[in-house]
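The values are calculated or read from the model by the stated rules, or taken from the named source; none is laboratory data. Worth saying up front: this structure is predicted, and the values here are computed from it rather than measured. Cβ atoms come from the backbone with ideal geometry, glycine included; neighbour counts cover every protein chain shown. Please note that ligands, DNA and RNA were not included when accessible areas were found on the heavy atoms of the full protein model with its side chains. Shrake-Rupley method; radii C 1.70, N 1.55, O 1.52, S 1.80 Å.
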Amino acid sequence: MANLPKRIIKETQRLTEEPVPGINAVPHEDNLRYFDVSIHGPSQSPYEGGIFRLELFLPEDYPMCPPKIRFLTKIYHPNIDRLGRICLDVLKSNWSPALQIRTILLSIQALLGAPNPDDPLANDVAQKWKEDEKTAIETARQWTRTHAMS
Amino acid sequence: MKFAHEFMETLSSSAFPPEWASSAIQYKQLKKCIKRVQKELQALGLDVDMLKDGRGPVFEYMFDGTVQSFHPKLVVKVDESGGLQVGWGIDEEARRRLEELLRKLRRQKEMGERSGEQEEREGRSSMSSDESSDESVEGDIPHPHTTSEIEIPLFADVEFFHTLTSELESLDELQTKAKGSIETDIISIGDSVARVATPKTFNSRSDLYPWREVFRLYLETSIFFSTQEIESYKERTPEEAEKKLQVFENEIERLGIAKQFKCSNSKVLLEQFMGMNQMVLRVLRFQAINKVAMRKILKKFDKRTALGAAPTFPLFISTHNFLASQLARALCFTMSTRILSIIPQLDDYLCPICQYITIKPVRLACSHVFCVRCLVKLQREYKSNCPMCRNDVVLKADASNIDPSLLRFLKCYFPKECREKQRVNEREVVREQWMTVREGKEEGAEPGCAVM
Ligand SMILES: [Zn+2]
Ligand SMILES: [Zn+2]
């Protein structure tokens, strides 16, 4: 691996020195572009009380292209598919090289607090969410209990 | 006694200038005052329990007037017939005593009025009972159904609160003086630092880099204020600030900054800068312990007299300069405009993409600045939106977007950082060329983002 760019070093430093409440991101010792991430489910959401693990990878061209990130913990959410891939505009077309790991993780945390079934990635979940929100939320809660609390 | 002792100790042991002690809250003298209030209350037959139980429904202790001119008064609320509120749970004996006192006060008042004496606190104690509404109280006839108040004359409490306020006055004066002298120091240090830290271009012996490091550390340590958003830029307590200042001094020592100075004057200036910060700390500490002393003495006042002034008095005088002043904020502001801003800090001139100094700086039509190398990378991938504001300006930029005055400024103030960025760019270019050669060989390998 080539020398770690200054920008990544700085971001990593800031993440550990001024951590975002409810978000934890630690780089692997042997690969400083690979982060173990955990996000606490926002309060008053069906994910409250859960701790969700994610993996984050900074590709060679970061920050020209966005970090690659996915959920490792199973989660019932209209914008997150079965493989943990996330549907979030800033991770795709709306990525800007001025955005940071920090801002992206905050956006994901916000997405947990405000699911958007009109822009789905997990079609079946989004369908359920639109048809019967109450049951969908209950399922999300159940999944949180089963997979994100241990 | 415990706090009084502690207070005296702190005043004498904290390296405060000797003349400050005379401006401090005179705790012992105020305590004596409290004793006199206690005696007065006893003489009137009002004991602590009775006052405590009756606070609100029967007794009220208030501050009349403005912060500049006020008098504290204790009043008893009576109904239209001049009697005490019914249903107030005190024992018969206490009630009798209080009624006796009220009768006495009424008699005194009537006598005073009959002999034509001016009432001292005119209009403040009005009586509603029929007996008093004879010839002399025209214009003071109360509404039939409102309860009214009879003032119980106390003297030592007036002394207590006036003493306390005049002490706040002198504390305020001291603070204003200290602030003025620190500000003078700040300006003189700032002017001198500006001289020794001019860039090498103008002065062959320049301490630009060591001084930048001093100020960078100073800002990073955030001694008097927290700079963390989560703590919302709160002012630190003097204890916290003291620790932070120590951290800062140790760090300066550890990095051997004084040894890096080339100008003989710099070392002296650094000492002055440290001394000035110590002075700010001393003023803040003096301010803080006096505020504690005020709180404690008011608490004691309440405990001994049960008049309930500890919560109300600070509110009443909350606009007093001494209590309302934002000394730390004002001084830190002066410091940042007159000293810290003399030397530009690297953080303010970083490219938001690569986090190196923005050399050469390209200013887009939206006025956001990036380094030319990052801009070229954006253009190569046909990214048209500004990374900061998403305006469609990236592809329109060309060599004419390089900001020449910013370029000159950066080269002048950050020569080392500019050279570093230059080296990084060169290495990157070499690597890119190498990659192109290799990709040419292994045909079909996708360039850019898709490689993971
Ligand atoms: Zn750049
Ligand atoms: Zn812009």
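In the set B:Gln29, B:Gln42, only one residue is free of Cβ contacts under 8 Å to residues at least 24 places away in the same chain and among the polar types (S, T, N, Q); that residue is B:Gln42. Among the residues of the range B:1-25, the one identified as open to solvent by 40 Å² or more (accessible area, probe 1.4 Å) and in contact with a helix residue (DSSP H, G or I) (Cβ under 6 Å, 6 or more places away or on another chain) is B:Ala21. Against the criterion of being more than 16 Å from ligand 2 (Cβ to nearest atom) and either within 12 Å of chain A (Cβ to nearest Cβ) or over 41 Å from the mean Cα position of the chain (by Cα) (or both), B:Met388 does not qualify.
Looking only at residues of the range B:394-408 that are outside any helix (DSSP H, G or I) and in contact (Cβ under 8 Å) with a residue 12 or more places away in the chain, we find that the one that is farthest from B:Ser384 (Cα to Cα) is B:Asp403. Within the range A:15-29, the set of residues being touching a Lys or Arg at 6+ places or on another chain (Cβ under 7 Å) and either open to solvent by 80 Å² or more (accessible area, probe 1.4 Å) or assigned to a loop (DSSP other than H, G, I, E, B) (or both) comprises just one member, A:Val20. Residues that are open to solvent by 80 Å² or more (accessible area, probe 1.4 Å) and not in a helix (DSSP H, G or I) within the range B:241-278 comprise just one, B:Lys262. Of all the residues in the range A:114-146, those that are surrounded by 12 or more Cβ atoms within 10 Å (Cβ to Cβ), under 17 Å from the mean Cα position of the chain (by Cα) and modelled with pLDDT under 95 number 7. The residues of the range A:53-62 that are assigned to a strand (DSSP E or B) and open to solvent by less than 20 Å² (accessible area, probe 1.4 Å), listed by number, are A:Leu54, A:Leu56. Residue count for the range B:363-376 satisfying the condition of being free of Cβ contacts under 8 Å to residues at least 12 places away in the same chain and either within 13 Å of ligand 1 (Cβ to nearest atom) or of a type in the set (Lys, Arg) (or both): 1.
Name every residue in the range B:326-373 that is closer than 30 Å to B:Ser181 by Cβ and either open to solvent by 40 Å² or more (accessible area, probe 1.4 Å) or of a type in the set (Phe, Trp, Tyr) (or both), in order of residue number. If the condition is that a residue be closer than 30 Å to B:Ser181 by Cβ and either open to solvent by 40 Å² or more (accessible area, probe 1.4 Å) or of a type in the set (Phe, Trp, Tyr) (or both), then B:Gln326, B:Arg329, B:Phe333, B:Ser336, B:Thr337, B:Arg338, B:Ser341, B:Ile342 are the ones that fit.
Total residues in the range A:65-74 satisfying the condition of being within 13 Å of chain B (Cβ to nearest Cβ) and open to solvent by 10 Å² or more (accessible area, probe 1.4 Å): the figure is 4. Scanning the range B:378-410 for residues that are basic (Lys, Arg) and within 30 Å of B:Pro199 (Cα to Cα) returns a single hit, B:Arg408.
Each row is one residue, and each column tells you yes or no for (1) in contact with a strand residue (DSSP E or B) (Cβ under 6 Å, 6 or more places away or on another chain); (2) outside any loop (DSSP other than H, G, I, E, B); (3) within 16 Å of ligand 1 (Cβ to nearest atom).
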residue	(1), (2), (3)
B:Leu298	no, yes, no
B:Phe301	no, yes, no
B:Arg304	no, yes, no
B:Leu315	no, yes, no
B:Ser318	no, no, no
B:Phe322	no, yes, no
B:Met335	no, yes, no
B:Asp347	no, yes, yes
B:Gln355	no, no, yes
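Could you tell me which residue of the range A:30-52 is surrounded by the most Cβ atoms within 10 Å (Cβ to Cβ), considering only residues that are touching a Leu at 6+ places or on another chain (Cβ under 7 Å) and over 17 Å from A:Thr103 (Cα atoms)? By that ranking, first place goes to A:Tyr47. Every test in (1) open to solvent by 60 Å² or more (accessible area, probe 1.4 Å); (2) at pLDDT 90 or above; (3) in a loop (DSSP other than H, G, I, E, B) is passed by B:Ile223 save one, and that test is (1).
Take the conditions (1) without any contact (Cβ under 8 Å) to a residue 40 or more places away in the chain; (2) within 12 Å of another protein chain (Cβ to nearest Cβ); (3) in a loop (DSSP other than H, G, I, E, B); A:Ser43 misses just one of them, which is (2).
I'd like to know if the range B:300-314 contains one or more residues that are more than 16 Å from ligand 2 (Cβ to nearest atom), surrounded by fewer than 15 Cβ atoms within 10 Å (Cβ to Cβ) and free of Cβ contacts under 8 Å to residues at least 12 places away in the same chain. Yes - at least one qualifying residue is present in the range B:300-314. Note on the range B:344-385: residues that are of a type in the set (D, E, K, R), within 12 Å of another protein chain (Cβ to nearest Cβ) and more than 13 Å from ligand 2 (Cβ to nearest atom) amount to 5. Residues in the range A:19-40 that are within 13 Å of another protein chain (Cβ to nearest Cβ) and farther than 13 Å from A:Leu106 by Cβ: A:Asn31, A:Arg33, A:Tyr34. Taking the conditions (1) open to solvent by 10 Å² or more (accessible area, probe 1.4 Å); (2) farther than 18 Å from B:Asp348 by Cβ; (3) among the charged types (D, E, K, R) in turn, B:Arg216 satisfies each one other than (2).
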